[in-house]
Amino acid sequence: MPPSRFRPRRGKAAVTTQAPKPRLQVREIVSEYSVGTLKESTSHDLFELRQVVSVNGRKVQSSENARHALSLGIRSPDDRVRKRMLEDFAKHGLVDIATDYGLILLAFTKRGQENMSIAAGGEEQVGADTAAVLTWSQKSSDAGALVFTGKQASRRLLQGRLLVRKSDGLPLRIEAWTERTDGKHTSREDATVEYTVSAHGFLTPASVVHRHVIDGALITENLYRYEPFKMFSADAEIKFTELPDKTPPDKK
């Protein structure tokens, strides 16, 4: 946040008076999260949907109501429902929200790779795994990240690195960034997505770190952490599929 209004003193006091520094504002948001297609979408692309449950420990709505709202969002005919959800985040104090980074792996389908330039970038360690590094850049912003800055929404052309486990090609991490110069200022969106295999056996995002930087100064940092994913259908009554308990019984 910008510093509060500063009025310098006159005389000798002005020598020792320092302008206040920018203020740090922290928000902890818990939300229900889902992935789905919009009802009348011709592309059938997947989108991220969120419903806020609590803000800084203060309950906003129940998890059941949030899940029901998500099911309605998935059946919505257009993209306005997603913008309303992001505006809901802004109402709770979050700004410079970026979305769809958790789904960025879908950009690397066979069709998506036709919109990319990809090259080998050596090897790195990701935890205990040796990873092959691939550098990539998009040729069109149509599949780029959807970024909301204030009331403005835009698609950003992305580039970055894809790190896959060398032994079997399993994606471990995707790094993505984009820069844009507007007048005298340069803004940069930077994101790192970490992946894990869920208990259901498919790859899911474990975390996303997103940073909004202007002229080299960090303005916003969003840290997304995901709980284990569950599966449900977009019915009026959402029922999660439960995984069987594989814990062996206690031996007496």
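The values are calculated or read from the model by the stated rules, or taken from the named source; none is laboratory data. Computed from a prediction, not measured in an experiment: that's the story for all the values here. Glycine also receives a Cβ, built like all others from the backbone with ideal geometry; neighbour counts cover every protein chain displayed. Only protein heavy atoms, including side chains, enter the accessible area calculation; ligands, DNA and RNA are left aside. Shrake-Rupley method; radii C 1.70, N 1.55, O 1.52, S 1.80 Å.
For residue 60, nonlocal amide neighbours, meaning residues 5 or more places apart or on other chains whose placed amide H falls under 5 Å from its own, are 54, 55.
For the pair residue 180 and residue 46, the difference between a 0.36 nm per residue extended length and the Cα-Cα distance amounts to 45.6 nm. For region 101-113, backbone phi angles converted through the Karplus equation (6.51, -1.76, 1.60; θ = phi - 60°) give residue-by-residue couplings of 5, x, 9, 4, 4, 5, 6, 9, 5, 4, 5, x, 5 Hz, Gly and Pro being listed as x.
Of the cross-linked pairs 110/184; 110/230; 59/230; 21/59, those separated by over 29 Å at the C-alpha level are 110/184; 21/59. Net length available on complete extension from residue 115 to residue 229 is 38.1 nm, with 0.36 nm assigned per residue and the Cα-Cα distance removed. For the pair residue 167 and residue 199 in one chain, pulling the backbone fully straight at 0.36 nm per residue adds 9.4 nm over the alpha carbon distance. The H on the amide N of residue 220, modeled in the peptide plane, is under 5 Å from the matching H of 212, each at least 5 residues off or on a different chain. The H on the amide N of residue 206, modeled in the peptide plane, is under 5 Å from the matching H of 194, 195, 196, each at least 5 residues off or on a different chain. Measuring only protein heavy atoms, the 1.4 Å probe finds residue 195 accessible over about 30 Å². A Förster radius of 25 Å combined with the Cβ-Cβ distance from residue 130 to residue 207 puts the calculated FRET efficiency at roughly 0.75. When 215, 182 are compared by accessible area at a 1.4 angstrom probe, the order from most to least is 182, 215.
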